[in-house]
Amino acid sequence: MLSNLAICVEFFVLFAAKFLTNASPEIDHKPETLDVNIEAMVEDAINWAHIHGLVIRTKEISPKNDIAMFMPFALFPTPFPREMFEQARDVQTAMQLLYFRVASDFEFLREHIQSVAASEDCIRRLLEIAQIVHDEGIKQPLTVVVMRSDYMCDVGKNEHTGEPVYGLKQIETNIGQIGGFFNAPYITNLHRRTMANAGLDTSNDFMPINEPDAMVVDALIMAWKAFGDKDAIILMVALKVYQTFQQYKMHYLLEKVSKNKIKIVQIPVHEVAEILTLDNDFSLRFGTQKVAVAFYRSQTGLNNPKYFAGQLMIERSTAIKIPSVTQILSAQKKIQQVLALPGMVERFFPSANEADMVATIRKTFTGLWGLDNPEDEATKSIIKDAIDHPDKYVLKPCREGGGHNFFGEKIPEKLREFSRAELGAHILMQKLAPLVVPNFLVRPLQDVQFENIVSELGIFGFLLGNVHTKSVQHNVQRGHYTRSKSQEAEEGALRPFSEEARLVEFRMCDLLKEWAFFNTRNSTRRASSEKGRRA
C-alpha cells in the first residue's frame, strides 16, 4: 500500500506548501517528483514518537504500564487557513474572560442549567454542590480558568459567484477535562521533522511555536504562588485511564520548572473523600500538608457518590480549584447555546469599551437552538425543520465532554421519542461543512491511509481572576491543537481506517482550487508578509 501512497506525496506537499507559505496560488504545471520515500518517512516518524514519549497505554492491559503504543497521528500538519487560525487565537482571551464572568454568576448558571439537571443526574449533583458553596460563601475567591476552545473552518459558497467562502465557527469550549496540552508540543515537533524531511520550510511563521504544556504548568505555579504557602502542595485528581501518560508528563514538567520546590500529589478521583481532610477553617489537607491547588484531570460524566463527596469537600475548601464546579457548569452545551441568544454575551460585557470583544466572540458563533420549551412556537418550528431536514443539524447533549451526538436519520428518531426533560438536556446545532484536506493517517498495527479528512482547531489559554472582585490578574492565549478525523466519520478524532486507501488525485485538483481562492484574499497583507520574508 505504501508504494501506492508514495505517488501521491508530491501532490500533498505542493498543497501544504501553498497554504503554509501563502505562495502564489497559480498552478500552471505538474510539480517535479519529490525525492521522498514515504515508507521511510513513516518509519522515522513512528520511531520519533516512541523515543520522545508520544505514546499511550494499550486499552487491553490498562491500567498497567507494561506495554505502550505510539499515539495515532497525521504524518503532516493538517493545513488550516492562516486568517482563521489568527482569528481563533486572537479571540481566546475574550472567550476566557466571558466564561470567567459566566462562572462567577451563580444565579445565571442556575437559571439556565436547570433544564439539563432535570434529566442529567450528574449535572443535578454538580448544581447541588454549587448551591451549597454559594449558600455557605466561597472560601477561596481566586480561580483559574484553563480553557481549550474548539473551532472548525466552515466552507460555504458566495451566492452570487459560487466561489468558496470560509468562516471560523465555534464547536465548543472545554474547561476541565481537556486533552492535548501535553501531546500538542510533541505533535508539532514531529510535524516539523516530517515537513523538513519533505523539503518544506518549518520556520515559526509557517508552523507557530506551540507550548500549551508550559502554559498549563505556568498556570498551576501561578495559582500555587497566589495561595501564599510555600509548604502547600499541588493536588492532581484523575481517573486511571489509558491516556494517563499525559498527566505524568505534567507532573514531571511541574517538578522540573519548580526545581522540585513544589510537592505534587496524584490521587484517584474516587478516593478524594477518603484520603483528604477538611479543617474547621476549611483548609484542605493531604496528611499534614495544606492543598494549595486542586487540579482535576478528569471529572466529566462521572456519576459516583464517592466522586461527588470528594468534589464537595474540595469546593468547600480554601484550595484553588482548576476547574471550579461553576466552571464545569459553565462549559455545558446549554450555556453555549444560551450565550448565542441576543443580549446574552452583552450581559457579561456591559461596558462600551468592551464592544469589540463582544463582536469578535459573536463572529465565531454558529446556529444553536435550545429545546427546553417545546410548546414555544419557535422551538416547535426548529424541531419540525430538524425532523424534515436532519442533514442540516447535529443533535447534541448539553453536558460537556464530547461524544453522544446524533446525526442524520437518528435526529428525527430521537426528537420524536425524547421526553420533555430529555429535550431540555439537548440542543440543536447547525451542521457545518468543514474544510476537507488530504493527509496520511498513521495508526498502530494498521496500514497507513491517505484520506480526505476534516479537523478541529483547539486554542489553549488560561485566566487567573478573583470571583469576589471580578478582577483579572492574568489572561493569556498560548498553544493550539488540531484533531483530525476521516471525512466520513461523524465524530471522534483519528478513527480506525479499515478500508483500502483510495486514489486521491481526483480530490486534489478541487482542493488546490479552493486554496487558490483562499490565498488570493487579503493579497496586500500577504504581499507585505512575503516581502518581509524575502528581506
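What follows is calculated from the coordinates using simple rules that are stated; it is not laboratory data. Model, not experiment: these values are computed from the prediction. Because the Cβ atoms are built from the backbone with ideal geometry, glycine has one as well, and the counts that use them run over all protein chains shown.
What FRET efficiency comes out for Asp356 versus Asp205 if R0 is 35 angstrom and r is the Cβ-Cβ distance? Round to the nearest 0.05.
Working from the Cβ atoms, E equals 0.85.
Give me the log10 of I(q) over I(0) for the range 239-355 at q = 0.16 Å⁻¹, as the Debye formula computes it from C-alpha points; what are the numbers?
Here the Debye-derived log intensity ratios amount to -0.89.
Alpha carbon centre of the range 74-114 versus the range 183-220: separation in Å?
One Cα centre to the other: 21 Å.
Distances over 17 Å make up what percent of all Cα-Cα pairs in the range 313-452?
71 percent
Just want the ordering: Ile427, Ile46, from fewest to most Cβ atoms lying within 10 Å of their own Cβ.
Lowest to highest Cβ neighbour count: Ile46, Ile427.
Considering amide H positions built from the backbone, and no H for Pro or chain starts, which residues 5 or more places from Asn174, or on another chain, come under 5 Å of its amide H?
Arg148, Ser149, Asp150
What number in nm² do you get for the range 230-296 if you take the convex hull of its Cα atoms and divide its surface by four?
4.7 nm²
Report the relative contact order of the range 189-271, percent, no decimals, based on alpha-carbon pairs under 8 angstrom and at least 6 residues apart.
Contact order relative to length: 29 percent.
Please arrange Phe450, Phe407, Phe308 by counting, for each residue, the other beta carbons lying within 10 Å of its beta carbon, fewest first.
Listing Phe450, Phe407, Phe308 from fewest to most nearby Cβ atoms yields Phe407, Phe308, Phe450.
Fewest first, what order do Phe418, Phe70, Phe295 take by the number of other Cβ atoms within 10 Å?
Phe418, Phe70, Phe295
Treat each spin label as a single point 7 Å out from the Cα along the C-beta direction, and report the His468 to Ala309 distance in nm.
It works out to 3.1 nm between the two label points.
How large is the Kirkwood hydrodynamic radius of the range 123-251, in angstrom, based on all distinct alpha carbon pairs?
In the range 123-251 this quantity evaluates to 19.1 Å.
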